[in-house]
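Data block below; observations after.
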Amino acid sequence: MNIDKIFKAGLFLAGFITMLLIIASFISLLIESIPAIKAFGIRFLTSSTWDPVLEEFGFLPFFIGTLLTSIMALLISIPFSLAVSLFLSEYFKSGIISKILNYATDLLSGIPSVIYGFWGLFVLMPVVRYIEMKLGIIPYGVGILTASLILSIMIIPFSSSVAREVIRLVPSDIKEAAYSMGATHFEVIRKIILPYSKSGIFAGIMLAFGRALGETMAVTMVIGNANRIPKSLFEPGNTLASVIANEFAEASSDIHLSALIELGLLLFIVTLIINFAGSLVIKRFEIEK
């Protein structure tokens, strides 16, 4: 067997093992969730009650909390991610400023989430509490807004690094042709660079969204951990990942444990659906291009 065949077999094996791990994770979550599925059925998806004492469990408060924090974080982070990626790929491609910003952006992605959580507790929470007092709102400090702000900072490196690389891949002859026709730098960015690289930019945004959906520790520390549907962005709430982290070690009954695992299964499915939808949109962008 020549080296090419060995290399190809190795790649196939790596891909097969990856698929096997995903399927095994899904099956193990499904098996452990069966007691909760049998006990609550479809009611688990529509109920807003989560009461371990009465053994009543519902998925809805955590699903809404997860979507609210993730979507808000994404909306806050997109302008900053695009600005950073354009700045580094179009205005400061080299030099000391570029190196410092590149290093700082990469460093943000490597900071443990518990550090973000501490920063949120000691710096961001007092600021949010002060704003709430000025607005005449109950000053929780922690809540959906605080968690979204922390998440937005955490996901900026993921979307900006992908966007930065795809913007750098825009062929220079296309940009030079636009400049030769009298286009300004801003017009080249708006009409050439962003349309050409939109599929890659969107892929980075989806990667960041997936990161936001599954983030646990930092969100758990600043979201307030209230097992109810938040009525405003300033109220405490909970996400799928944070309720699992909070209660898994203290689950007092088998049905409580199974309900938490079912939350994990549903988070797994939600993440798969969003990634699949994102890949469909990326393919549509590529066809249009």
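Among the residues of the stretch 132-148, is any without any contact (Cβ under 8 Å) to a residue 12 or more places away in the chain, at positive phi, out of contact with any Asp or Glu (no Cβ under 9 Å at 6 or more places or on another chain) and not in a helix (DSSP H, G or I)?
Yes, the stretch 132-148 contains a residue that is without any contact (Cβ under 8 Å) to a residue 12 or more places away in the chain, at positive phi, out of contact with any Asp or Glu (no Cβ under 9 Å at 6 or more places or on another chain) and not in a helix (DSSP H, G or I).
Do we have residue 179 as part of a helix (DSSP H, G or I), within 22 Å of residue 94 (Cβ to Cβ), open to solvent by 30 Å² or more (accessible area, probe 1.4 Å) and among the aromatic types (Phe, Trp, Tyr) here? Spell out how you get there, then give the answer.
Details: part of a helix (DSSP H, G or I): yes; within 22 Å of residue 94 (Cβ to Cβ): yes; open to solvent by 30 Å² or more (accessible area, probe 1.4 Å): yes; among the aromatic types (Phe, Trp, Tyr): yes.
Against the criterion (part of a helix (DSSP H, G or I), within 22 Å of residue 94 (Cβ to Cβ), open to solvent by 30 Å² or more (accessible area, probe 1.4 Å) and among the aromatic types (Phe, Trp, Tyr)), residue 179 qualifies.
Among the residues of the stretch 173-191, count how many are over 32 Å from the mean Cα position of the chain (by Cα) and not charged (D, E, K, R).
9
Considering each residue of the stretch 13-50, count those that are in contact (Cβ under 8 Å) with a residue 12 or more places away in the chain and not hydroxyl-bearing (Ser, Thr, Tyr), and give that number.
14
Inspect all residues belonging to the stretch 92-103 and state whether any of them is open to solvent by less than 50 Å² (accessible area, probe 1.4 Å), closer than 28 Å to residue 220 by Cα and of a type outside the set (Lys, Arg).
Initial filter on the stretch 92-103 (open to solvent by less than 50 Å² (accessible area, probe 1.4 Å)): 95, 98, 102.
Keeping just the survivors that are closer than 28 Å to residue 220 by Cα gives none.
Checked the stretch 92-103: no residue is open to solvent by less than 50 Å² (accessible area, probe 1.4 Å), closer than 28 Å to residue 220 by Cα and of a type outside the set (Lys, Arg).
Would you be able to say whether some residue in the stretch 172-185 is more than 22 Å from residue 275 (Cα to Cα), touching a Leu at 6+ places or on another chain (Cβ under 9 Å) and not acidic (Asp, Glu)?
no
Residues of the stretch 62-78 being open to solvent by 40 Å² or more (accessible area, probe 1.4 Å) and over 15 Å from residue 167 (Cβ atoms), which ones? Break it down stepwise before answering.
Here is the first cut: in the stretch 62-78, the ones open to solvent by 40 Å² or more (accessible area, probe 1.4 Å) are 63-64, 67-68, 71, 75-76, 78.
Answer for the stretch 62-78, where residues must be open to solvent by 40 Å² or more (accessible area, probe 1.4 Å) and over 15 Å from residue 167 (Cβ atoms): 63, 64, 67, 68, 71, 75, 76.
Given the residues 17, 97, which is the only one that is hydrophobic (A, V, I, L, M, F, W, C), over 26 Å from the mean Cα position of the chain (by Cα) and in a helix (DSSP H, G or I)? Write out each step before concluding.
Values: 17 fails: over 26 Å from the mean Cα position of the chain (by Cα).
Criteria check complete, one pass: 97.
Out of the residues in the stretch 1-59 meeting the condition of being hydroxyl-bearing (Ser, Thr, Tyr) and under 25 Å from residue 253 (Cα atoms), tell me which one is surrounded by the most Cβ atoms within 10 Å (Cβ to Cβ). Show your work before the answer.
Restricting attention to the stretch 1-59, the residues satisfying the condition of being hydroxyl-bearing (Ser, Thr, Tyr) are 18, 25, 28, 33, 46-49.
Next, only the ones that are under 25 Å from residue 253 (Cα atoms) stay: 25, 28, 33, 46-49.
Details: 25: 13, 28: 13, 33: 21, 46: 11, 47: 15, 48: 14, 49: 13.
Filtering first and then ranking leaves 33.
What's the number of the only condition in (1) more than 24 Å from residue 239 (Cα to Cα); (2) at pLDDT 85 or above that residue 112 fails to meet?
Failed condition: (1).
Does the stretch 69-77 contain at least one residue that is closer than 28 Å to residue 265 by Cβ and outside any helix (DSSP H, G or I)?
Filtering the stretch 69-77 down to residues closer than 28 Å to residue 265 by Cβ leaves 69-75, 77.
Checking which are outside any helix (DSSP H, G or I) leaves us with none.
Among the residues of the stretch 69-77, not one is closer than 28 Å to residue 265 by Cβ and outside any helix (DSSP H, G or I), which makes the answer no.
Only one residue in 174, 137, 131 is within 28 Å of residue 207 (Cβ to Cβ), hydrophobic (A, V, I, L, M, F, W, C) and either surrounded by fewer than 18 Cβ atoms within 10 Å (Cβ to Cβ) or modelled with pLDDT of 85 or more (or both). Which one? Give the derivation first.
Details: 137 fails: within 28 Å of residue 207 (Cβ to Cβ); 131 fails: within 28 Å of residue 207 (Cβ to Cβ).
Checking each option against the conditions leaves just 174.
Does residue 80 satisfy the condition of being at pLDDT 90 or above and within 26 Å of residue 232 (Cβ to Cβ)?
Details: at pLDDT 90 or above: yes; within 26 Å of residue 232 (Cβ to Cβ): yes.
The answer is yes for residue 80.
The values are calculated or read from the model by the stated rules, or taken from the named source; none is laboratory data. The structure displayed is predicted, hence computed values, not measured ones. FYI the Cβ positions are ideal-geometry reconstructions off the backbone, even for glycines, and counts take in every protein chain you see. Heads up: the accessible areas ignore ligands, DNA and RNA and are worked out on the full protein's heavy atoms, side chains in. Shrake-Rupley method; radii C 1.70, N 1.55, O 1.52, S 1.80 Å.
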